[in-house]
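First up is the structure itself, then whatever we jot down about it.
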């Protein structure tokens with residue numbers, strides 16, 4: 001059962017990043033604001049008045065989509081989980097304040113799950129274990 005729990009955990013964590021990344025590519029998917037909308041949101045600032053240049057959106061999409069796919073198949077799981085944990089924590093600080101908001105707490109919880117995956121590895125059923 002533990003072997004399958006690793007797979008389920010990786011997939012469940014990855015789904016959020018995969019859908020989020022695809023939604024940033026185009027709003028025609030019905031999953032997000034599309035490229036221009038997301039770039040504007042990123043650069044528009046946040047609760048703290050901090051924004052991220054919209055030119056970094058391509059990198060954000062790569063991190064989310066490729067990171068999600070890597071987690072699903074269990075490829076380079078530890079560095080990918082750590083990268084996504086840092087990414088998610090920074091997103092919480094920049095875009096999901098104040099700290100009592102459910103969006104902020106959701107991102108903290110996802111960060112925690114990714115750190116557990118970083119510590120434990122991909123598990124038996126993964127490319128890392130081949």
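The values are calculated or read from the model by the stated rules, or taken from the named source; none is laboratory data. On a predicted model such as this, the values are computed, not experimentally measured, just so you know. Cβ sites come from the backbone with ideal geometry, for glycine too, and all protein chains shown count toward neighbours.
Some observations on this one:
- When the residues of the stretch 104-121 are filtered to those that are in contact (Cβ under 8 Å) with a residue 40 or more places away in the chain and under 12 Å from the mean Cα position of the chain (by Cα), the one that is nearest to residue 92 (Cα to Cα) is 110.
- Scanning the stretch 86-103 for residues that are more than 18 Å from residue 52 (Cα to Cα) and in a helix (DSSP H, G or I), we see that the one that is farthest from the chain's Cα centre (by Cα) is 102.
- When the stretch 1-44 is filtered for residues that are at pLDDT below 85, more than 19 Å from residue 55 (Cα to Cα) and surrounded by fewer than 16 Cβ atoms within 10 Å (Cβ to Cβ), the ones remaining, listed by number, are 1, 2, 3, 28, 29, 30.
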